[in-house]
């Protein structure tokens, strides 16, 4: 009995220690990635100078850079780094929520068409010249179309009270085809200047990052990221099954509706400023779940930090790998994420003895 108790204590200690170590490691890596991204580029700024300028602006000492260095750092690099943080954390958190809501590991905003659905709203606002909300018009249109998309996919993928993996994927394929056609229609209706803007949404990029864009998307991202962790315990209960969750006091349909809204908000915030960036919301929660377990108290904030780390690193690679050109960010994440997705599909099929 004592041996079993000791084993259980060690296991419980490991359950608490792994998330803490993983979270601390990811946070430290994220800080380093942000500093590296702020300093590396066509105009290199040494790491010490980046830190010194940040400290100087914060009134904590440090030294100011020369005029060119200050302009590059504060007007070009840092808006891009902050935007990558917001977009990556939004996509990572949205992926974790989506997987919890649908109850399967293959749900992700881009895979089931939510990202492309949000892009339809952005493209429509560009092609039609809409401006009814001023600077918020694209974000509002992206949110509305993303919300409609996720509700449609959620409704069509449910069978017998749950969303099945295969039905989810097939619905996502159909939705991506439909939204792709709508984007093509937008391209057909747009003029030359608008076509270049639409190409930005389709490929994904942070090249047009500015402080006004950061401020435009900040409320949506902060609201979604603040609300999501409040539902961690209910998502853990939902993972037990709908009936046990209801017996434990969870209003399942209300929970799913609220979290669908949060996912749409986070995805729309990301798409509105970065275009379609795929697979971040699929890859990050999976890796964290394999490393630290399925508990959403860590998985939700951990996916936000991990998503930010992945996107800051990916954006750095996108703009430095083929200098002076720049790889589209969405293309780069898809090239890395697609093989991972294929592996997940194969493992899932083998684990279930087929899809039937």
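Tabulated values for the structure
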{"read-out": "Single unsatisfied condition, residue 345 versus (1) in contact with a helix residue (DSSP H, G or I) (Cβ under 9 Å, 6 or more places away or on another chain); (2) farther than 21 Å from residue 169 by Cα; (3) modelled with pLDDT under 85", "value": "(2)"}
{"read-out": "Some residue of the range 22-29 being in contact (Cβ under 8 Å) with a residue 12 or more places away in the chain and over 28 Å from residue 259 (Cα atoms)", "value": "yes"}
{"read-out": "Sole exception among (1) touching a helix residue (DSSP H, G or I) at 6+ places or on another chain (Cβ under 7 Å); (2) assigned to a helix (DSSP H, G or I) for residue 209, by number", "value": "(2)"}
{"read-out": "Residue in the range 56-78 that is at pLDDT below 90 and within 14 Å of residue 316 (Cβ to Cβ) present", "value": "no"}
{"read-out": "Test: residue in the range 238-255 that is under 18 Å from the mean Cα position of the chain (by Cα), part of a helix (DSSP H, G or I) and on the phi < 0 side of the Ramachandran plot", "value": "no"}
{"read-out": "Unique residue being surrounded by 13 or more Cβ atoms within 10 Å (Cβ to Cβ), in a helix (DSSP H, G or I), within 24 Å of the chain's Cα centre (by Cα) and modelled with pLDDT under 80 when the list is 178, 169", "value": "169"}
{"read-out": "Within the range 42-65, tally of residues that are surrounded by 15 or more Cβ atoms within 10 Å (Cβ to Cβ) and in a loop (DSSP other than H, G, I, E, B)", "value": "3"}
{"read-out": "Condition broken by residue 89, with the remaining ones in (1) modelled with pLDDT of 95 or more; (2) within 27 Å of residue 186 (Cα to Cα) satisfied", "value": "(2)"}
{"read-out": "The range 286-307 residues that are free of Cβ contacts under 8 Å to residues at least 60 places away in the same chain, paired with ones that are surrounded by fewer than 24 Cβ atoms within 10 Å (Cβ to Cβ) and in a helix (DSSP H, G or I) (beta carbon under 8 Å, 6 or more apart)", "value": "294/236"}
{"read-out": "Among the residues listed as 301, 285, 294, the single one being modelled with pLDDT of 85 or more, closer than 25 Å to residue 233 by Cα and outside any helix (DSSP H, G or I)", "value": "294"}
{"read-out": "Which listed residue is closer than 24 Å to residue 111 by Cα and in a loop (DSSP other than H, G, I, E, B), from 276, 262", "value": "276"}
{"read-out": "Residue match in the range 93-106 (condition: under 22 Å from residue 232 (Cβ atoms), within 17 Å of the chain's Cα centre (by Cα), outside any helix (DSSP H, G or I) and at pLDDT below 85)", "value": "yes"}
{"read-out": "Residue among 122, 144, 110 that alone is part of a helix (DSSP H, G or I) and buried (at least 24 other Cβ atoms within 10 Å of the Cβ)", "value": "122"}
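The values are calculated or read from the model by the stated rules, or taken from the named source; none is laboratory data. On a predicted model such as this, the values are computed, not experimentally measured, just so you know. Cβ coordinates were reconstructed from backbone atoms using ideal geometry, including for glycine residues, and neighbour counts include every protein chain displayed.
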